1. Answer with a single label: of (1) 223; (2) 183; (3) 122, which was calculated as volume of the Cα convex hull per residue in Å³ from the structure in view?
2. Carbon and sulfur: what percent of the stretch 177-222's accessible surface (1.4 Å probe)?
3. Picking from L44, F142, V190, whose Cα lies most toward the positive end of the charge dipole for the chain (charges on Cβ: Lys, Arg +1; Asp, Glu -1)?
4. For K319, list the lysines whose Cα falls under 23 Å from its own Cα; do not include residues on the same chain fewer than 8 positions away.
5. Sort K141, K105 by accessible area with a 1.4 Å probe, largest first.
6. I need the phi-derived Karplus couplings for the stretch 105-114: 6.51 cos²θ - 1.76 cosθ + 1.60, θ = phi - 60°, integer Hz, Gly and Pro marked x.
7. Choose one of H19, T133, H168: the residue whose Cα lies farthest towards the positive end of the charge dipole of the chain (beta-carbon charges +1 Lys, Arg; -1 Asp, Glu; about the Cα centre).
8. Heavy atoms only, 1.4 Å probe, whole protein assembly: order R179, R107 by accessible area, highest first.
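The values are calculated or read from the model by the stated rules, or taken from the named source; none is laboratory data. Since we're looking at a predicted model, the values are computed, not measured. Every residue, glycine as well, gets a Cβ built from its backbone with ideal geometry; the counts of neighbours run over all protein chains shown. These area figures cover heavy atoms from the full protein model, side chains too; ligands, DNA and RNA do not enter into them. Shrake-Rupley method; radii C 1.70, N 1.55, O 1.52, S 1.80 Å.
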Amino acid sequence: QDERALQIQTATTRRVDGHWETGLIWKTDDVQMPNSKAAAMHRLQLMERKMDKDPEFAAAYAKKIHDYLKAGYARKITKEEANLTTPRTWYLPHFGVINPNKPGKMRFVFDAAAKSRGVCLNDFLLPGPDLLTSLPGSLLKFRQRKIGISGDIAEFFHRVRIRPEDQHAQRFLWRGMDRRRDPDVLVMCVSTFGATCSPFTSQAVKNLNAKEFESEFPDAANAIVHRHYMDDYLDSVDEVEDATRLILDVVEVHRRGDFHIGKFVSNSEAALRNIPQDLRGEGSCVGLDDKMSPERILGLIWNLNDDSLGFNLKFHRVKAEIVTGAKNPTKRDVLRVVMSVFDPLG
């Protein structure tokens with residue numbers, strides 16, 4: 001299966017007008033998918049009920065789809081185009097997730113695991129080889145040297161476009177706030193958060209782009225291939241000049257593949273001051289008390305001032321009666337809190 005995934009990825013990936021295009025990783029060549037439009041319509045109606053009850057959520061949801069259309073991540077197709085179906089046509093249900101640690105920011109998810117007539121889109125796709133570096137390895141390399149640096153690729157999956165012949169496996173329905181009309185049919189033109197092959201294809205394209213510029217930017221290309229954990233870049237160097245050069249070179253190599261990396265943070269204030277303001281993370285600037293704000297690194301908290309990694313337990317919700325001692329915690333209450341702490345070391 002991994003060999004097939006690599007063959008499809010190699011055969012379908014190409015550079016087009018400054019960005020990368022690839023194909024979905026199909027399990028077989030003779031895909032026969034059932035009609036999934038009715039199931040997607042049912043899920044849309046459920047989401048519309050939620051939006052009707054929560055205007056703030058509805059506004060954020062509508063804005064997300066508007067932004068997708070504006071960025072070219074999605075496009076509305078004509079009724080004539082929608083009436084043309086193939087054995088690889090699929091309608092994806094969608095929903096929005098708001099991270100309590102990132103208020104006001106919605107993650108838009110396409111439910112490729114949603115069943116229609118007993119199967120889902122992910123049943124027809126291969127995950128591909130695991131290209132992730134190990135979490136313990138990432139953390140060790142990240143604080144191996146004096147100066148730690150971290151950055152983040154914006155909308156990582158969406159920076160890789162899906163070839164036109166596979167886009168109709170990523171159809172979805174939307175009609176805004178007007179419940180009286182039939183929904184429009186849209187297609188996602190890029191890799192989606194939810195498809196089982198997206199992590200592999202996005203990382204493979206990222207690495208392929210880096211290797212194209214290996215002779216010009218050897219250190220940056222090596223960092224992009226070996227110092228990324230999905231969309232997070234974690235690295236360490238000994239000198240301020242090396243940190244500055246590496247950051248700017250990594251940014252340039254990514255830019256040439258239409259990947260946008262930013263939100264850089266470091267325990268070295270000097271290294272951050274050497275890069276443009278728009279590349280720095282929000283908490284990376286020194287405040288009035290000459291201290292930098294803690295940053296989230298692979299689910300941990302990185303305190304930039306004393307260069308320590310730890311857990312922030314303020315994010316975890318414990319029932320008030322347990323906090324006050326009015327009620328003894330059950331085993332389930334304890335496990336809920338313990339398991340909510342993400343530990344990269346296992």
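1. Calculated volume of the Cα convex hull per residue in Å³: the matching label is (2).
2. Within the stretch 177-222, the accessible surface is 47 percent carbon and sulfur.
3. Value: L44.
4. K102, K327, K331
5. The ordering from most to least exposed comes out as K105, K141.
6. 10, 9, 9, 8, 10, 9, 7, 6, 9, 6
7. It is H168, whose Cα lies furthest towards the positive end.
8. R107, R179
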